[in-house]
Amino acid sequence: MDKITIEGTSKTPTIVFDSDAGLLELKGRSIPENSIEFYKPVVESLDKYSHEPKEKTSVNIQLEYFNTSSSKCILDLFKKLETIHKTGKDVVINWFYEEDDEDMLEAGEDYQAIIKVPFKMIEVGS
Amino acid sequence: MKFDIYSFYKKMEHNDIMLSFKGDITSELLSSMLQIMETKLENLDEQPKVRKKVYNVLVECLQNLYHHRDEIRIATGNDENKKQAIFMISKNAVEYNIMTGNFVKSEKVAGLKARIDKINGMDKDELKQHYQDVLSLEGFSEKGGGGLGFIDIARKSGQKLNYEFLQIDEEFSFFSLYIKISQ
């Protein structure tokens with residue numbers, strides 16, 4: 001099965017995707033100039049996974065910053081999760097935001113309004 | 001005539017310029033400027049909330065200039081002058097000001113104006129809705145941002161986007177953008 005680990009940089013997030021565990025994690029910052037290229041392997045693996053998903057898929061998004069170019073790529077990932085959720089499997093997106101970071105909370109709410117998957121907004125101490 | 005560096009210095013000092021750049025905004029340069037600004041914002045001991053807003057808006061502004069460069073390069077056949085841009089950030093007691101300037105094809109001015117005016121006419125909730133609408137539109141622009149940049153800047157800054165277009169020659173205009181972020 002698929003396992004992707006991408007180490008984070010000052011412009012790109014740490015990404016862990018483990019299809020056996022049904023786990024996807026994005027952590028750090030996502031501000032690359034070319035997001036499509038950066039996210040391509042993850043979008044592809046998640047697409048593959050969506051044809052044979054686990055009973056439960058957990059997603060942890062803990063971003064400090066992300067640019068608008070990444071926002072469409074993140075939406076692409078979420079759309080794959082929506083497909084999985086539609087087949088009756090359990091999917092949850094945990095959206096972490098730092099205390100006082102209203103912009104990041106709002107960003108999570110934007111996705112929540114578009115994507116029909118249960119979201120959990122989790123505040124963390126800064 | 002000799003270039004008067006001192007008066008230039010005074011002007012920057014008087015306007016509380018923290019960082020300015022004029023030239024070709026490459027990917028390396030963009031990264032360096034973001035790094036410098038991140039350090040500066042940390043050293044200023046700015047509230048995390050404001051620091052994040054400023055940094056976010058900076059990323060969008062600089063990447064706008066960066067992506068725009070390719071467009072101009074194609075339109076001008078790699079005209080070194082028209083490819084250049086200017087960027088400045090200043091801080092006074094109440095707010096941060098981010099200013100950018102770049103060349104655009106004059107034929108694009110009307111469309112840009114309409115887009116910014118539309119954003120400026122919206123309140124907080126309308127901006128949120130507009131952002132979600134544009135985000136969920138199918139397809140990607142070649143730049144990757146899909147036209148979300150200005151909306152995001154308006155939302156994060158919480159202020160109207162001030163702009164100006166100056167006709168340079170029959171083909172090009174100079175686009176100046178002024179963004180305020182309150183502390």
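The values are calculated or read from the model by the stated rules, or taken from the named source; none is laboratory data. As the structure is a prediction and not an experimental result, all values here were calculated from the model. No Cβ is skipped: glycine too gets one built from the backbone with ideal geometry, and neighbour counts run over all protein chains shown. To get the accessible areas, we keep the full protein, side chains included, count just its heavy atoms, and leave off ligands, DNA and RNA. Shrake-Rupley method; radii C 1.70, N 1.55, O 1.52, S 1.80 Å.
Kindly indicate whether residue A:97 is closer than 16 Å to residue A:26 by Cα, touching a Gly at 6+ places or on another chain (Cβ under 9 Å) and either open to solvent by 20 Å² or more (accessible area, probe 1.4 Å) or assigned to a helix (DSSP H, G or I) (or both).
On the way: closer than 16 Å to residue A:26 by Cα: yes; touching a Gly at 6+ places or on another chain (Cβ under 9 Å): yes; either open to solvent by 20 Å² or more (accessible area, probe 1.4 Å) or assigned to a helix (DSSP H, G or I) (or both): yes.
Yes.
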Taking the range A:2-18 as the region of interest, how many residues are open to solvent by 50 Å² or more (accessible area, probe 1.4 Å), of a type in the set (Gly, Ala, Ser) and away from every other protein chain (no Cβ under 14 Å)?
0
Quick check on residue A:62: is it surrounded by fewer than 21 Cβ atoms within 10 Å (Cβ to Cβ) and closer than 18 Å to residue A:30 by Cα?
yes
Within the range A:19-55, count every residue that is away from every other protein chain (no Cβ under 14 Å), surrounded by fewer than 17 Cβ atoms within 10 Å (Cβ to Cβ) and of a type in the set (D, E, K, R).
7
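From the list A:120, A:80, A:72, A:116, which one is at the interface with another protein chain (Cβ under 10 Å from one of its Cβ atoms) and either assigned to a loop (DSSP other than H, G, I, E, B) or not hydrophobic (A, V, I, L, M, F, W, C) (or both)? Quick ask: steps written out before the conclusion?
On the way: A:120 fails: at the interface with another protein chain (Cβ under 10 Å from one of its Cβ atoms); A:80 fails: at the interface with another protein chain (Cβ under 10 Å from one of its Cβ atoms); A:116 fails: at the interface with another protein chain (Cβ under 10 Å from one of its Cβ atoms).
Of A:120, A:80, A:72, A:116, the one residue that is at the interface with another protein chain (Cβ under 10 Å from one of its Cβ atoms) and either assigned to a loop (DSSP other than H, G, I, E, B) or not hydrophobic (A, V, I, L, M, F, W, C) (or both) is A:72.
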